[in-house]
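Input: a single structure, listed below in structure tokens.
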Amino acid sequence: MEKADSAQLSRRSFCTLGVLAAAGTLVPRSVLAATTVGNRELSFFNTQTSEQLTSLYCCDNRYEPAALSKINHILRDHRANEVKEIDVRLLDLLHELGGTLQTSSPYHVISGYRSPGTNAILRAQGGAHTGVASKSFHMVGKAIDIRVPGLPLQELRRAAVSLKAGGVGYYPDLNFVHVDVGRVRYW
């Protein structure tokens, strides 16, 4: 009798482990990246201002306010000279993307934060066909347009899409990929 109870407990444990493993596959990678203990560093080169920054923005799973402030500054709207807090989920997405690409090269930033005024000007200049949305995630610090020197743009896009962690826009004529932490979608 004791042996039967032991076997039943094993089956129950096995089933529980199976359910937990299956549930783990439903957790978005960006959430898993945000819970990974360790240090996270990002490097940027702002193509509009020629500023460079390498910043250890998360240490032992704690975001570093001074480092985040420097990142917010380099990703500011350079036209209006306005700084906005960048969503740390976007930074974690970029960190994970760098790991997927297996590169430590700096992200060349075409556009980070955009003030509503700058967004309206860009939209009027190029129209919606250039990808400037009227309610752009750039205006709330949740989007960035990037490229990585020496890396084919298609490879950057493919890696970003593989993460399934937000929106990915592909702009080969303008030489950048857009990534954001909105819902998963591709264009």
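The values are calculated or read from the model by the stated rules, or taken from the named source; none is laboratory data. This is a predicted model, so every value here is computed, not measured. All Cβ positions, glycine included, derive from the backbone under ideal geometry; neighbour counts span all protein chains shown.
Assorted remarks:
- Test: Arg147 is modelled with pLDDT of 95 or more and not aromatic (Phe, Trp, Tyr): yes
- If the condition is being in contact (Cβ under 8 Å) with a residue 60 or more places away in the chain and of a type in the set (Ser, Thr, Tyr), then the stretch 56-78 contributes no residue at all.
- In the stretch 160-179, the residues that are surrounded by fewer than 22 Cβ atoms within 10 Å (Cβ to Cβ), farther than 12 Å from Ser111 by Cβ and not charged (D, E, K, R): Val161, Ser162, Leu163, Gly167, Tyr170, Pro172, Asn175
- Candidates Leu101, Leu53, filtered to the one that is within 30 Å of Ala120 (Cβ to Cβ) and in contact (Cβ under 8 Å) with a residue 12 or more places away in the chain: Leu53
- In the stretch 27-86, residue modelled with the lowest pLDDT [restricted to those that are basic (Lys, Arg) and touching a helix residue (DSSP H, G or I) at 6+ places or on another chain (Cβ under 6 Å)]: Arg29
- Tally of residues being assigned to a strand (DSSP E or B) and surrounded by fewer than 17 Cβ atoms within 10 Å (Cβ to Cβ) across the stretch 46-83: 7
Here is a yes/no grid of residues against (1) modelled with pLDDT of 95 or more; (2) within 23 Å of Asn39 (Cα to Cα); (3) surrounded by 13 or more Cβ atoms within 10 Å (Cβ to Cβ); (4) not polar (S, T, N, Q):
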site	(1), (2), (3), (4)
Ser105	no, yes, yes, no
Lys135	no, no, no, yes
Ala143	yes, yes, yes, yes
Gln154	yes, no, no, no
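- Scan of the stretch 87-116 for residues that are touching a helix residue (DSSP H, G or I) at 6+ places or on another chain (Cβ under 6 Å) and farther than 24 Å from Val132 by Cα, ordered by number: Glu96, Thr100, Leu101
- All helices (runs of 4 or more DSSP H) inside the stretch 84-186 with 2 or more residues being among the β-branched types (Val, Ile, Thr) and within 21 Å of Arg40 (Cβ to Cβ): 88-101
- Qualifying residue in the stretch 7-21 (condition: outside any helix (DSSP H, G or I) and either modelled with pLDDT of 95 or more or over 22 Å from Met139 (Cα atoms) (or both)): no
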